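Read through the structure below, which is laid out as structure tokens, and then see the notes.
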Amino acid sequence: VPLTNLFTVVLRENTELAAESLSSLPLPPKKLIGNMEREFIAERQKGLQAYLDVITTHHILSNCELVKKFLDPNSYSVNYTEIALQHVSMFFRSEPKWEVVEPLKDIGWRIRKKYFLMKIKNQPKERLMLSWADLGPDKYLSDKDLQYAVKLLSSCSHPYIYKITFATANESSALVIRPFSEKGTLKDLIYKAKPKDPFLKKYCNPKKIQGLELQQIKTYGRQILEVLKFLHEKGFPYGHLHSANVMLDGDTCKLLDLENSLLGLPSFYRSYFSQFRKINTLEGVDVHCFGHLLYEMTYGRPPDTIPVDSFPPAPSVFVVSVLESILTCEAMKNGMPTVSRLLQMPLFSDVLLTNSEKPQFKIPTKLKEALKTSKECTEKRLTEEQKLIHQHRRLTRAQSHHGSEEEKKKRKILARKKSKRSAYESGEEHSAKYSNSNNSGNYSEKSLLLHSYVNVFVVAVVFCLKRSRVTISLHINIGLPKPSTTAMVQINQGLKNIVSGRFFSCLI
């Protein structure tokens with residue numbers, strides 16, 4: 001398998017990520033033609049495994065379509081670009097006022113979500129962005145409720161939610177149109193990227209890592225928390241917060257992709273929070289994702305690992321205080337703080353919001369109940385997944401422990417001791433059986449002979465006494481076993497000898 005070409009293909013497909021990205025990967029040594037030595041093959045296998053581990057543990061690379069197709073070609077054989085074009089074409093038949101300008105290839109991280117640059121025919125200078133997405137594994141709304149909820153999104157008005165121009169859904173997918181922003185998202189600002197570039201090129205290997213200024217962190221963080229609080233109070237599940245889902249409009253952050261939770265799509269950070277059983281609600285998921293976003297705004301890059309043991313120097317101790325309440329090991333064990341609790345922390349409590357737009361988002365009671373049920377089903381699936389991951393990690397730890405060299409040595413020592421003890425005990429048992437069998441045989445022979453002579457002697461005494469006409473009752477019980485046939489033959493012979501007088505002559 002040409003594994004070493006995998007990342008090279010990924011880079012070429014996503015325009016010149018170049019030697020900087022390649023140099024950061026642990027590429028295994030090149031294979032010389034005909035080199036089949038055992039040591040070289042073993043070394044190369046280890047190198048390939050390390051190379052694959054780096055790719056699969058890299059959050060952006062592991063979600064890349066080419067990587068997924070390479071590792072699991074059967075599950076990712078469908079061409080979703082063609083499917084998206086078919087659905088968009090059908091949509092244009094019923095809505096002829098829209099027109100596609102160009103496809104925005106790979107600007108997002110999802111495999112089953114495609115983007116197109118749009119325009120209105122009678123307003124050719126205005127640019128819009130169309131997104132098409134397939135339904136995900138957490139779609140629990142009925143088709144009727146889904147279509148109604150998606151259409152309702154265009155009526156949502158909030159200063160920190162990005163406006164939706166048009167939205168529709170059917171039994172298999174959804175299509176949303178919103179204004180296209182040349183400034184891009186919060187992630188584009190952090191990484192100094194161009195909005196139209198492919199996702200992998202923009203964010204996989206940034207040339208310069210630099211966080212935002214403290215005032216930007218405070219203002220953007222407060223705005224995002226305010227909109228999360230609004231959605232939680234409305235009973236509208238979100239669960240898809242990350243810096244690429246936050247659009248910038250001047251100094252204002254506006255949330256994107258509210259439709260994702262309705263469609264049942266997986267979260268960008270699901271591979272992180274699914275490992276921690278205390279993060280088991282969508283509110284907790286939003287807070288955990290906010291921790292990732294705050295770290296990225298502060299340091300200009302995502303955290304290397306979760307949980308975070310220690311934080312680099314930050315523009316303010318208040319920033320670190322918020323991060324510690326969300327991303328540390330203790331926070332994962334105790335659970336996430338609420339959005340209201342975060343708003344009360346010193347980092348955000350003194351931020352003044354100048355936007356006076358009144359939020360409006362009316363959700364009918366019947367749809368609220370359906371959204372509540374869908375939310376509960378989503379959280380239940382998350383809990384079950386977390387349980388399976390926890391069991392798998394316990395099993396892996398046990399296997400790793402028992403497979404360690406130290407444990408193997410301990411088991412060998414115990415096996416030797418047990419083998420020696422068993423051999424010693426079996427030897428003693430064999431000796432005891434042998435001794436008992438010998439003693440038993442001698443006892444049988446002696447007792448038989450003694451039994452014979454005693455019986456003969458008793459008969460002789462009785463015979464002699466009768467001859468002297470003395471009546472004596474004699475009873476002897478010496479507790480010996482009943483004589484065998486051979487003994488009886490010997491007794492009969494003894495009686496004959498007594499009768500013929502030979503017994504007493506033998507005694508004399």
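The values are calculated or read from the model by the stated rules, or taken from the named source; none is laboratory data. Computed from a prediction, not measured in an experiment: that's the story for all the values here. No Cβ is skipped: glycine too gets one built from the backbone with ideal geometry, and neighbour counts run over all protein chains shown.
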Within the stretch 305-361, can you find the residues that are farther than 12 Å from residue 287 by Cα, buried (at least 18 other Cβ atoms within 10 Å of the Cβ) and of a type in the set (Ser, Thr, Tyr)? 328
Quick one: how many residues across the stretch 230-251 are closer than 12 Å to residue 161 by Cβ and either part of a helix (DSSP H, G or I) or within 25 Å of the chain's Cα centre (by Cα) (or both)? 5
Just to be sure before I move on: is residue 353 farther than 19 Å from residue 270 by Cα and either at pLDDT below 95 or in contact with a Ser or Thr (Cβ under 6 Å, 6 or more places away or on another chain) (or both) in the structure I sent? yes
3 or more residues of a type outside the set (A, V, I, L, M, F, W, C) and farther than 25 Å from residue 382 by Cβ: qualifying strands (runs of 3 or more DSSP E) within the stretch 119-183: 123-134
Do any residues in the stretch 164-193 that are assigned by TED's automatic domain parsing to the domain that holds residue 138 and closer than 20 Å to residue 128 by Cβ have Cβ atoms under 8 Å from those of residues that are surrounded by fewer than 21 Cβ atoms within 10 Å (Cβ to Cβ) and small (Gly, Ala, Ser), where the two are at least six apart or on different chains, and which pairs are they? 164/154; 165/154; 166/154; 167/154; 184/193
Candidate set: the stretch 180-198, residues that are touching an Asp or Glu at 6+ places or on another chain (Cβ under 8 Å) and within 28 Å of residue 339 (Cβ to Cβ); chosen: the one surrounded by the most Cβ atoms within 10 Å (Cβ to Cβ): 190
So residue 351 ticks every box in (1) of a type in the set (Val, Ile, Thr); (2) assigned to a helix (DSSP H, G or I); (3) in contact (Cβ under 8 Å) with a residue 24 or more places away in the chain but one. Which box is left unticked? (2)
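Among the residues that make up the stretch 358-370, is at least one of them out of contact with any strand residue (DSSP E or B) (no Cβ under 9 Å at 6 or more places or on another chain), polar (S, T, N, Q) and in a loop (DSSP other than H, G, I, E, B)? Outline the logic, then answer.
Just the residues of the stretch 358-370 that are out of contact with any strand residue (DSSP E or B) (no Cβ under 9 Å at 6 or more places or on another chain), to begin with: 362-370.
This time we only want the ones that are polar (S, T, N, Q), so: 365.
Going one step further and asking which of them are in a loop (DSSP other than H, G, I, E, B), we end up with none.
There is no residue in the stretch 358-370 that is out of contact with any strand residue (DSSP E or B) (no Cβ under 9 Å at 6 or more places or on another chain), polar (S, T, N, Q) and in a loop (DSSP other than H, G, I, E, B).
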Odd one out for residue 309 among (1) under 25 Å from residue 188 (Cα atoms); (2) not in a helix (DSSP H, G or I): (1)
Whichever residue in the stretch 63-80 is among the hydroxyl-bearing types (Ser, Thr, Tyr) and exposed (fewer than 14 other Cβ atoms within 10 Å of the Cβ) and, among such residues, is nearest to residue 270 (Cα to Cα): 75
Residue, farthest from residue 56 (Cα to Cα), within the stretch 313-336, restricted to residues that are out of contact with any helix residue (DSSP H, G or I) (no Cβ under 6 Å at 6 or more places or on another chain) and part of a loop (DSSP other than H, G, I, E, B): 313
Working carefully through the options 205, 280, 245, find the one that is of a type in the set (S, T, N, Q), in contact with a strand residue (DSSP E or B) (Cβ under 9 Å, 6 or more places away or on another chain) and on the phi < 0 side of the Ramachandran plot. 245
Given the condition without any contact (Cβ under 8 Å) to a residue 40 or more places away in the chain and part of a loop (DSSP other than H, G, I, E, B), answer yes or no: does some residue in the stretch 281-304 qualify? yes
